[in-house]
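Structure record follows, encoded as C-alpha cells.
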Amino acid sequence: MTQPSDPPAKRQLRSDQVSGLMLAALALYVWWMNRAYPIGTLAEPGPGYVPLLLAIFMGVMGVLVALGGGKSEPLAAMEWTEAKRAFALLVACGVAAFALERLGYRITMAALLIFFLGVMERRKPMMVAAVGIGFALITYYLFATLLRVPLPVSPWGF
Amino acid sequence: MAALLASVCVAQAQEAFPTRAITLIVPFPPGGVAEITGRPTAMAIEKILKQPMALVNRPGAGGAVGNAAVANAKPDGYTLLMALSSISVIPAADELFNRKPAYSIDQFAPIALISADPTILVSHPSLPVRNLKELVSLARAKQGQMSFSSSGIYGALHMPMEMFLHHYKLKMRHVPTTGGGPALTTLLGGHVEMTTGGPAAITTHVKSGKLRAHVSWGAKRHENYPDVPTFKEQGADIEYYIWTGLMAPRGTPEPVMKVLRDATRRAVEDTDFKTAMARVNSPVNYMDAPEFAKYWDADAKRLAAVVKVVGKVDDKK
Amino acid sequence: MVETLNSLLLGFSVALQPQILMYAFIGCLIGTLVGMLPGVGPLAGISMLLPATFGLNPIIAIVLLSGVYYGAMYGGSTTSILIRLPGEAASVMTCVDGYAMTQQGRAGPALAIAAIGSFVAGTLGVLGLMLLAPTLATFALRFGPPEYTALLLMGLLVLAYMTGGSIPKTLAMAGFGLLLGMIGIDAMSGYTRFSFEVIELADGIGIVPVAVGLFGISEILMTASQQTLKLPKNPSMRELMPSRAELKQSIGPIARGSAVGFLIGIIPGSAHIISSFISYGIERRISKTPERFGHGAIEGVAGPESANNAAATGAFIPMMALGIPTSPVTAVMIAAIMVHGIAPGPMLIAQQPELFWGFVASMYVGNVVLLILNLPLVGLFVSLLRIPYAYLYPCILAFCILGCYSVSNSVVDVWIMLAMGGIGYTLRKFGFDLAPVALGLVLAPMLELSLRQSLAMSAGNYAIFIERPIAVTMLGVGLLMLLVSLKPLLFKSKQKDWRSTVGLDEPS
C-alpha cells in the first residue's frame, strides 16, 4: 500500500494522484449521465437523488486521494511486468465470451484452454489436448446434462 | 446436394421441436403468484414435451425486466414467459412517462391463459376495521395518512389498489417493494395498513388471523373465500384479476406455437398439475390462444385506462 | 423445556432414519460441490435441485434442500481460501485473510477453521432456531423499511474497519461499489438508470460476477508472470489443522460471528449477505493487533465464516415460523414444501410436528455431516494447489466463465466479470482494497429502496427513523462507531509516522 518514501522528485506524477483524479473524472461522468433522471426532493427523493449524492461522494474522495498522494509511489516507478500477459489473458477470455453463444460451450472452452496451455504456457501437445478437450466435455456433462444448466450449443449441434 | 441436406436438416429441426431445454422466465422474485403457477405448469409441460423446462426468475421493476427479456428473445419457442396481468400495464406507464418503452404488448404471442384469480384486499389486524365500509370511512377520515404496499410501481398488486382508491376518491401512501412476497411481509409486520394479494398467497395468513380479508376484485365471490364480498356487491364497478398466461415472443413459427399450445392444453388436464394447483388454492382457468388473445385485449384496454386515470405517480402529492 | 426435549426426540427419530440421513448427506455433498463452483451459489444450487424434490416426501425435500443450502454456504469458502475466488457473495470477506493464509502456506488451518466455525455457528443457530423461533419471528417482522435502512447504514459504517488502507481510498472504493449498485431499474419510479441501453443491465449488476472478477480474475492477472504459486511442500496432517493457539484465537470470533450472523439472518430481506462483512469489521475493530488483518489473520476467517453460516440458519426462522419468504433462498424452499400442500407458518409446528422437528433435528445432523465431510477433505483440497499453476489458472478462468454464465444464462454476466477483473487488477496495482466495492454493490440497491420506502411510509418525514426504537438504536450504535473511527483522523498528528509506515488504522 504505502511505499518506502523515495527522495522527493520535483513534479513527478504520483500513482495516487493519477488514480484519485481518475476516480474524480469517473464521478464527473456519472454526474453528467445522471442529469437525465429527476432528482426529486429531500423528502421525496427521485431516481436521480442517490446517484447524485454518491457521485459527489466518490468525486470528493477521489480528490482527497489525489491530494494526499504526494508521498505515494511515483507513477513511473510502478512495475507492469505482468501487464502484457494479463492483457493477453483478458483478451483471450473476451474472445471466448464472444464465441460462447456462437460456437457453443464445448468448442469455445476447448479452444480457450488449448490457447492458454499450448500458446501461452507451451506445454506438451498431448497434455494440452487432453486437458482442453477433457475439461470441456466433463464440465459440459456435469452442468448441462446433470444439473440441466442450458449451456450454449454450436450451430452444428454439439 | 448440400442445399437438399440443409433443407432436410431445417425440416427435421422444425419437426423435432423441442430438441433442447425450454426456459420459462418468471419476471418476479421467487415465491410470487407467477412462480406458484409457473412451476407446476412447467413440470406438466416437461412431461408432455419430454424436454426440460427450466424456470428462471428475472425480477425487477414490477416485471418489466423479465418481460422485456422475453420480448427481445429469439422467437424460437425456447424462451417463454409466465406472464402476469401487469404485462399490459408497463407499456402504458412507459407511454405516460414519455419513455423509451422496454417492450410493447404486440411483441408477444399468447399461448394460453393458465389461471385468473381476483385479488383480495387484506389489512393488518391492528387496523380497527371489519369490512370494506369501515375501511373506506376510516381512510376517508385519514386521507393521505394510511399506506399500502405493492409488488412494485404499476405492478400487479399496485393497479387494483389504484382502482379502489380512485373509485372511492381516497388518497394513500404507496410503498412499492420488489414483489408479492416482500409486499406481504411489509404488511405482516404492520409497516403499512393494507395490501392486495392473490388468494393463494394470503390464505395461510388469513386463516391464522395474521391478516384480515375484506373484499375481492372478482365478478363473483371466490370459492375459497365465501365470506369475502366483491366490490360489485358493494356497489363499486371495479374488477381486476391477476392472471397468469404463457406467452412466446411474437414471430415464433406457427408449428412451434402449435406444439406449445397443444402441450399446454394437455398440461392443464394433467392430474399432478391439477393437484398442485389445488394445493396452493389457485383454480385453473384455461383459455387457448384465440380466446386468451381476446381476453387479454380487453384486460389491457381496461388497465391502460386505469394507468391514465392514475397518472404519473411521481408527480402527485 | 421438557416438551421441547420430547419434540426434539421426535425430531431425531425422524432425522436419524437411514433414508433421511442419506439425503442429508447427499444434500451437503452436492451443496459443498456446487458452492465451490464460482458463480453457482446456494440459490442456484437449490433452484436446480428443486424440481427433483417434487417427487420426494416433504421432509426429505426440505432436508435435502437445506443440506444443499448450508453445504453451498460452506463450499463457497473453500475456493475463497484456496484461490481467492468467492463462490458466492457471503464468502467475499473470507478471500481477504483466507487467501493470505494460503499464500503463507497455511491453507489447511484456514479451511479447517472455516469448517469448525461453520459447524459451531450452524449448531448454535439451530439451538437458537429451536428455542427462540416463535419469539424471534415476531421480532423479525418488526423490521420494516426504516429498520432495514438503519441496519444497512450500520453495515456501511463497518467499512471504516474493514480495510487497513487509507480512509479516503477505502471510502472512494465504497463509493464506486455503491455507484455500481445504482445501475438498473429504480424500483420506486421505474426509471432505468445507467444501463447504456443494455437490456440485461436493467436488472442491475449481480454481486457474483463482480466478486468473481474483482477477486478471482484480478488475482490471476496479478500473478500472470509467475510460474507457480508459492506453496509449502507436502504439508503433514499436523500442519493442516489449526494449532492450539490458533484455535484459542478463533473462539471469540466464532462466538461473536455466530451471534451477529444469527441476528442478521432472521431479519427479512437479503441482508444476511452483510453479516460476514459486519463480523469482519467487528473482529478487526476489537482485535489488539488489527494490523494482522488482511495479512492472514485467522480471526478474519473464523468470524465471517461463522457469521454467514449462522445467518443461513437464522434465515429459516421467519420462513418456518411465519411462512414468509424473507429471501430468495427461503422463497424457493417454501415453494418446495407448498407443492406438497403444506403451508409453512404459525400453524406448522402444531399441525406437522414431525416435519418441523424432523427438519430441526436434521439441521443438527447436517452440521455434523458437513464437518465430517469437510475436515478430511481439507488435505485433498490443499493438494489441489499442487497442480502446476500453468494448468491450474486456465482451468480456473474457464470455471469462472462457466459459473458466471450459468448464474442467469447470460453472456453479459461474463462480460461484467471480465471487465471487473480488469478494473480490479488496475485498482490493485494502484493500491486500492476491493472488499468495499463488493460491500457497496450489495448495499446500494437495498439501502436506496428501503430509505425511499421509509420516506413513502412517513410522507417524507425523516422523524420515522427516530420514532422507531429498533431503528434509532441501530443508528445510535452506527453513529458511535463512526465517531470512534473518526478519532484517529482527527487526532492523527501523533500517530502519523506510525500509520504511514504500516499503512494501518491505529489499534484502540
**Study point:** Selection from A:152, C:74, C:483, by position along the positive dipole direction of the protein assembly as shown (Cβ)
**Key:** C:483
Check your understanding: Which of B:85, B:154, B:252 sits closest to the plus end of the dipole of chain B, meaning its Cα is farthest towards the positive end, when Lys and Arg get +1 and Asp and Glu get -1 on the C-beta?
Key -> B:154
Revision key, fill the gap. Largest fluctuation, A:144, A:43, A:110 only, Gaussian network model of chain A with Cα springs under 10 angstrom, belongs to A:43
Exercise for review: Report the one residue of B:189, B:163, B:53 whose Cα lies farthest in the direction of the positive end of the charge dipole of chain B (charges on C-beta: Lys and Arg +1, Asp and Glu -1; origin at the Cα centre).
Suggested key: B:189
**Study point:** Accessible carbon and sulfur surface of the protein assembly as shown relative to its total accessible area, %, 1.4 Å
**Key:** 64
Practice item. Taking every Cα atom in the range C:1-98, find the radius of gyration and the maximum pairwise distance Dmax, and write them in Å. Key: 15.6, 48
Review point. Taking accessible area as the heavy-atom solvent-accessible surface of the protein chains with a 1.4 Å probe, which residues of the range C:441-471 lose no less than 20 Å² upon going from the isolated chain to the full protein assembly?
Key: C:448, C:449, C:452, C:453, C:455, C:456, C:457, C:459, C:460, C:462
Point to revise | Fraction of antiparallel bridges per DSSP, the protein assembly as shown only, in percent to nearest 5 | key: 65
Revision key, fill the gap. Among residues of the range C:141-157, a drop of 20 Å² or more in 1.4 Å probe accessible area, assembly relative to the chain on its own, occurs for C:141, C:145
Review point. What is the dipole size for chain C, taken about its Cα centre, with +1 at each Lys and Arg Cβ and -1 at each Asp and Glu Cβ, in debye to the nearest 20?
Key: 1320
Practice item. Report, to the nearest 10°, how far helix B:33-49 tilts away from the longest principal axis of the Cα atoms in chain B, using its own Cα long axis and a range of 0 to 90°. Key: 20
Practice item. Please give the average number of partner chain Cβ atoms lying within 10 Å of the Cβ of each residue in A:86-96, rounded to a whole number. Key: 6
Review point. How far is helix B:132-141 tilted off the main Cα axis of chain B, in degrees rounded to 10, range 0 to 90?
Key: 60
Point to revise | For residue B:147, residues with placed amide H under 5 Å, excluding near neighbours | key: B:173, B:193, B:194
Review point. With every protein chain present, what is the per residue accessible area of the range A:83-146 (1.4 Å probe, Å²)?
Key: 52
Point to revise | Anisotropy class of the range B:120-239 from Cα gyration tensor, a/c 1.5 cut | key: rounded
Review point. Given a Förster radius of 51 Å and the C-beta distance between residue C:5 and residue B:16 as r, what FRET efficiency does 1/(1 + (r/R0)^6) yield to the nearest 0.05?
Key: 0.30
Check your understanding: Which FRET efficiency value, to the nearest 0.05, is calculated for residue B:221 and residue C:462 with the Förster distance at 45 angstrom and r the Cβ-Cβ distance?
Key -> 0.55
Study note, to complete from the structure: With +1 at each Lys and Arg Cβ and -1 at each Asp and Glu Cβ, the charge dipole magnitude of chain B around its Cα centre, to the nearest 20 debye, comes out at 800
Study note, to complete from the structure: Between chains B and C, the summed loss of accessible surface on complex formation, probed at 1.4 Å and reported to the nearest 100 square angstrom, is 3400
**Study point:** Rounded Å value of the spacing that divides the Cα centres of the range C:266-305 and the range C:401-437
**Key:** 23
Check your understanding: How big is the A-B contact in terms of buried accessible area, both chains counted, 1.4 Å probe, rounded to the nearest 100 Å²?
Key -> 400
Exercise for review: At most 10 other Cβ atoms within 10 Å and a DSSP loop assignment: could you name the trypsin sites (Lys or Arg not before Pro) in the range B:108-213 that fit?
Suggested key: B:169
Review point. Stretched out fully, how many nm does the piece from residue B:285 to residue B:140 gain, at 0.36 nm a residue minus the Cα gap?
Key: 48.6 nm
Practice item. Between residue C:196 and residue A:67, take the C-beta separation as r, use R0 = 25 Å, and let me know the FRET efficiency to the nearest 0.05. Key: 0.20
Exercise for review: Take every DSSP beta bridge with both residues inside chain B and express the antiparallel ones as a percent of the total, to the nearest 5.
Suggested key: 60
Revision key, fill the gap. antiparallel share of DSSP beta bridges within the range B:120-239, to nearest 5, in %, is 55
Revision key, fill the gap. So, for the Cα atoms of the protein assembly as shown, Rg and Dmax in Å stand at 27.8, 87
**Study point:** Summed buried accessible area for A+C [probe radius 1.4 Å, Å², rounded to 100]
**Key:** 5700
**Study point:** Over chain C - Rg/Rh using Cα atoms and the Kirkwood inverse-distance radius
**Key:** 0.96
Exercise for review: Find the relative contact order for chain C and round it to a whole percent, using C-alpha pairs within less than 8 Å whose residues are 6+ positions apart.
Suggested key: 28
**Study point:** Average accessible area per residue (Å²) across the range B:120-239 - probe 1.4 Å, nucleic acids and ligands excluded
**Key:** 36
**Study point:** trypsin sites (Lys or Arg not before Pro) restricted to the range A:31-114 and DSSP loop, no more than 15 other C-beta within 10 Å
**Key:** A:35
Practice item. Could you state the accessible area per residue of chain C in Å², with a 1.4 Å probe and every protein chain left in place? Key: 32
Review point. What is the dipole size for the protein assembly as shown, taken about its Cα centre, with +1 at each Lys and Arg Cβ and -1 at each Asp and Glu Cβ, in debye to the nearest 20?
Key: 1340
Revision key, fill the gap. With Cα springs under 10 Å, the Gaussian network model of chain B assigns the largest mean-square fluctuation among B:240, B:154, B:295 to B:295
Practice item. Please identify, among B:252, B:41, B:178, the residue showing maximal mean-square fluctuation in a Gaussian network model of chain B using a 10 angstrom Cα cutoff. Key: B:252
Practice item. Shielding by partners for A:37-44, please: the mean number of other protein chain Cβ atoms within 10 Å of each residue's Cβ. Key: 5
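The values are calculated or read from the model by the stated rules, or taken from the named source; none is laboratory data. Quantities reported herein were computed from a predicted structural model and do not represent experimental measurements. Counting neighbours? That spans all protein chains shown, and the Cβs are built from the backbone with ideal geometry, glycine included. The area values use the complete protein model at the heavy-atom level, side chains included, leaving out ligands, DNA and RNA. Shrake-Rupley method; radii C 1.70, N 1.55, O 1.52, S 1.80 Å.
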